[in-house]
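In what follows, a single structure is set out as structure tokens and then discussed.
The values are calculated or read from the model by the stated rules, or taken from the named source; none is laboratory data. None of these values were measured; they are calculated from a predicted model. Counting neighbours? That spans all protein chains shown, and the Cβs are built from the backbone with ideal geometry, glycine included.
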């Protein structure tokens with residue numbers, strides 16, 4: 001049996017290193033020609049994989065950081081978060097659960113163009129996704145209990161979100177404005193005609209000592 005056939009016959013849980021896992025996924029998912037249609041695949045659940053995505057976006061496989069970005073980018077194309085709240089690596093024949101400390105992606109850059117209703121916020125993630133905040137990619141803001149601050153997230157695809165990195169969040173907030181939403185004055189941002197409330201304007205004024 002050739003080395004390639006041997007790899008192909010193995011399951012994702014049997015890959016000995018990140019490069020071996022990447023080889024399996026590359027063949028099974030035919031990666032490299034756009035995003036694989038993971039939402040349409042319904043393979044069997046094959047257990048858990050010793051892979052973790054930390055809150056800062058670092059990927060670990062078998063306790064070791066994956067330092068090669070092309071591997072991380074490949075793995076990110078076959079991620080899927082299901083209704084059970086679990087994130088999986090998915091191929092047409094296998095589905096394995098991985099651990100995600102916060103969000104699977106991190107938004108590391110934002111570009112803001114236009115203003116008012118024509119304003120567009122475009123985010124780039126740590127794995128190379130580029131998405132425009134709007135109806136299909138909403139922003140949400142979550143209270144961070146341990147710090148009293150906020151954690152913004154943007155929906156990238158499916159149920160997969162990117163945590164907006166703190167420097168990017170500060171840049172995002174610079175474009176905030178006070179808007180009336182359901183009879184309440186909110187501090188919010190706009191993109192692609194959508195309004196994304198951050199917090200009540202009165203609460204922001206309290207925090208800023210006004």
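One residue is enough: does segment 127-136 have a residue meeting the conditions surrounded by fewer than 13 Cβ atoms within 10 Å (Cβ to Cβ), closer than 23 Å to residue 58 by Cβ and at pLDDT 95 or above?
Yes, the conditions are met somewhere in segment 127-136.
As an exercise: evaluate residue 92 against (1) touching a helix residue (DSSP H, G or I) at 6+ places or on another chain (Cβ under 7 Å); (2) crowded, with 17+ Cβ neighbours inside 10 Å; (3) more than 20 Å from residue 17 (Cα to Cα) and give the number of the one condition it does not meet.
(2)
Before we move on, is residue 11 out of contact with any strand residue (DSSP E or B) (no Cβ under 9 Å at 6 or more places or on another chain) and either farther than 20 Å from residue 153 by Cβ or at pLDDT 90 or above (or both)?
Working: out of contact with any strand residue (DSSP E or B) (no Cβ under 9 Å at 6 or more places or on another chain): no; either farther than 20 Å from residue 153 by Cβ or at pLDDT 90 or above (or both): yes.
So residue 11 fails the test.
Checking residue 92 against (1) more than 23 Å from residue 44 (Cα to Cα); (2) part of a loop (DSSP other than H, G, I, E, B), only one condition comes out false. Which one?
Answer for residue 92: the failing condition is (1).
With the requirement that a residue be part of a strand (DSSP E or B) and crowded, with 19+ Cβ neighbours inside 10 Å, what does segment 161-186 give you?
Of all residues in segment 161-186, those part of a strand (DSSP E or B) come to 161-164, 177-181, 184-186.
Of everything in segment 161-186, those that are part of a strand (DSSP E or B) and crowded, with 19+ Cβ neighbours inside 10 Å turn out to be 161, 162, 163, 164, 186.
I need every pair where a residue in segment 169-189 that is assigned by TED's automatic domain parsing to the domain that holds residue 139 and without any contact (Cβ under 8 Å) to a residue 40 or more places away in the chain has its Cβ under 8 Å from the Cβ of a residue that is part of a helix (DSSP H, G or I) and surrounded by 15 or more Cβ atoms within 10 Å (Cβ to Cβ), sequence separation at least 6 or different chains.
Hits for this filter: 178/201; 185/201; 186/201; 187/201; 187/204.
Residues in segment 57-81 that are part of a loop (DSSP other than H, G, I, E, B) and within 24 Å of residue 93 (Cβ to Cβ): how many? Even if it seems obvious, please write down each step before you answer.
Of segment 57-81, the ones part of a loop (DSSP other than H, G, I, E, B) are 57-58, 62-63, 66-68, 78.
From what is left, the residues that are within 24 Å of residue 93 (Cβ to Cβ) are 62, 66, 78.
Counting residues in segment 57-81 that are part of a loop (DSSP other than H, G, I, E, B) and within 24 Å of residue 93 (Cβ to Cβ) gives 3.
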